[in-house]
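Dropping a structure here in C-alpha cells format, bear with me for questions.
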Amino acid sequence: MLAYSQFTSNLSRDWISIPPTQEKKSGVVFPFYGTDEEAEGLILTQRAKHLKSHPGQISFPGGVMDNSDSNLLETALREWEEEMGVSKSHLDILGRVDGLLTRTGFHITPFIAKYNGDFQFSHNTDEVDNIILLPLKKLWEKPFYSIQIPNRKPEEYAYYFDFDEGLLWGATCEIILNFLKTHSQFDRIPKLVRPNLSHPPFLNPKLL
C-alpha cells in the first residue's frame, strides 16, 4: 500500500495550463482505490479489441482533448464518465504529475485521483472491454521485463508487467513507473530480454 501523505504534497494543483507542444494533447485519470489514508490499487481499463488505436491495451481512463474542453482535467473527467459509466463526483482529484510525450505523437497529462465510489461501473463496451482493479502489490510481485526497442536510434527501452489480466506496457506503464520511482520505494530492476515479436508490443512473455 502507498500512503497518500507520501506524495500529495508534491503534486501540482495547476489544472489550467496546457502543455505548449505541437503534439495531440490527452488527459487521463490516474485513479487509486483504497482507504482514506492509503492507496491499495489502481483502476485501469482494457481497451476494446476492435479499436484502431491500441486495441486491447491496458490503459488509464482518458483520451484526446476536444475543442470544447477548457483544460485537460476537463478532458480526463469527461472521458472517465464516457468510458467508466460513473460520475466524476466519485473522484477526489489530488493533483497533476508531469506529462509524457509518446512515441506516437501524443502528450499525455495524468491527473492523480482517489476513487470513493462503490465499484458499480457501467463501462462503455464500444471503448472498453474490461475494468481492471490492480492491487499495487502486484507491481512488486509480477514478472517485470524490458526490451531494447528494435530499430530505434538513439537506443530506447520499453517496459512490461505481465499480469493475469494482460500485458501492461507502453505509455501507461511508463507513467506508472515514473510515479512509483518518484513517490515510493519502487526499486525493481526489470529483466532485460530480447524482443520476440516484429510488431508492437514487441514482446510476448509466453514465448520467452
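Failed condition for Lys181, given (1) touching a residue at least 24 places away in the same chain (Cβ under 8 Å); (2) within 19 Å of Val28 (Cβ to Cβ), with all others met?
Unmet condition: (1).
I would also like to ask the following. Evaluate the following for Phe202: is it part of a strand (DSSP E or B), closer than 28 Å to Glu23 by Cα and either touching a residue at least 60 places away in the same chain (Cβ under 8 Å) or of a type outside the set (Val, Ile, Thr) (or both)?
For Phe202, the condition - part of a strand (DSSP E or B), closer than 28 Å to Glu23 by Cα and either touching a residue at least 60 places away in the same chain (Cβ under 8 Å) or of a type outside the set (Val, Ile, Thr) (or both) - is not met.
When the residues of the stretch 164-179 are narrowed to those that are crowded, with 18+ Cβ neighbours inside 10 Å and part of a strand (DSSP E or B), which ends up farthest from the chain's Cα centre (by Cα)?
Restricting to residues being crowded, with 18+ Cβ neighbours inside 10 Å and part of a strand (DSSP E or B), the top hit is Leu167.
So, in the stretch 123-165, how many residues would count as being more than 21 Å from Ile189 (Cβ to Cβ) and touching a helix residue (DSSP H, G or I) at 6+ places or on another chain (Cβ under 8 Å)?
Final tally of qualifying residues: 5.
Among the residues of the stretch 180-196, write down those that are aliphatic (A, V, I, L, M) and over 15 Å from the mean Cα position of the chain (by Cα).
Result: Ile189, Leu192, Val193.
Which ones in the stretch 58-90 are among the acidic types (Asp, Glu) and open to solvent by less than 40 Å² (accessible area, probe 1.4 Å)?
Matches in the stretch 58-90: Asp69, Glu79, Glu83.
Next question, about the same structure. Do the conditions hold for Thr182, that is, is it open to solvent by 20 Å² or more (accessible area, probe 1.4 Å) and outside any loop (DSSP other than H, G, I, E, B)?
So Thr182 passes the test.
Take the stretch 70-101 and flag every residue that is touching an Asp or Glu at 6+ places or on another chain (Cβ under 6 Å) and basic (Lys, Arg).
Lys88
To continue, here is another question. From the list Ile131, Ile149, Ile108, exactly one residue is touching a His at 6+ places or on another chain (Cβ under 8 Å), β-branched (Val, Ile, Thr), open to solvent by less than 50 Å² (accessible area, probe 1.4 Å) and under 27 Å from His199 (Cα atoms). Which is it?
Ile131
Also, quick follow-up: Open to solvent by 30 Å² or more (accessible area, probe 1.4 Å) and not in a loop (DSSP other than H, G, I, E, B): is that true of Ile93 in this structure?
yes
Now for a different question. Name the pairs whose Cβ atoms lie under 7 Å apart, with the first residue in the stretch 116-136 and closer than 19 Å to Phe32 by Cβ, the second assigned to a loop (DSSP other than H, G, I, E, B) and among the aromatic types (Phe, Trp, Tyr), and 6 or more positions between them or separate chains?
Ile131/Phe121
Limited to the stretch 3-54, what total is found for residues that are open to solvent by less than 20 Å² (accessible area, probe 1.4 Å) and of a type outside the set (A, V, I, L, M)?
Residues flagged as open to solvent by less than 20 Å² (accessible area, probe 1.4 Å) and of a type outside the set (A, V, I, L, M) within the stretch 3-54 amount to 9.
A further question follows. If we scan the stretch 65-72, do we find a residue that is at pLDDT 90 or above, under 18 Å from Leu180 (Cβ atoms) and outside any helix (DSSP H, G or I)?
No, there is no match, as no residue in the stretch 65-72 is at pLDDT 90 or above, under 18 Å from Leu180 (Cβ atoms) and outside any helix (DSSP H, G or I).
Of the numbered conditions (1) modelled with pLDDT of 95 or more; (2) under 15 Å from Phe30 (Cβ atoms); (3) open to solvent by 40 Å² or more (accessible area, probe 1.4 Å), Asp98 fails exactly one; give the number of that condition.
(1)
Out of curiosity, is Ser122 small (Gly, Ala, Ser) and surrounded by fewer than 11 Cβ atoms within 10 Å (Cβ to Cβ)?
The answer is yes for Ser122.
The values are calculated or read from the model by the stated rules, or taken from the named source; none is laboratory data. Only a predicted model underlies this, so the values are computations on that prediction, with no experimental measurement involved. Don't worry about glycine lacking a Cβ; one is built from the backbone with ideal geometry, like all the others, and counts go over all protein chains shown. These accessible areas exclude ligands, DNA and RNA; they are computed on the full protein's heavy atoms, side chains included. Shrake-Rupley method; radii C 1.70, N 1.55, O 1.52, S 1.80 Å.
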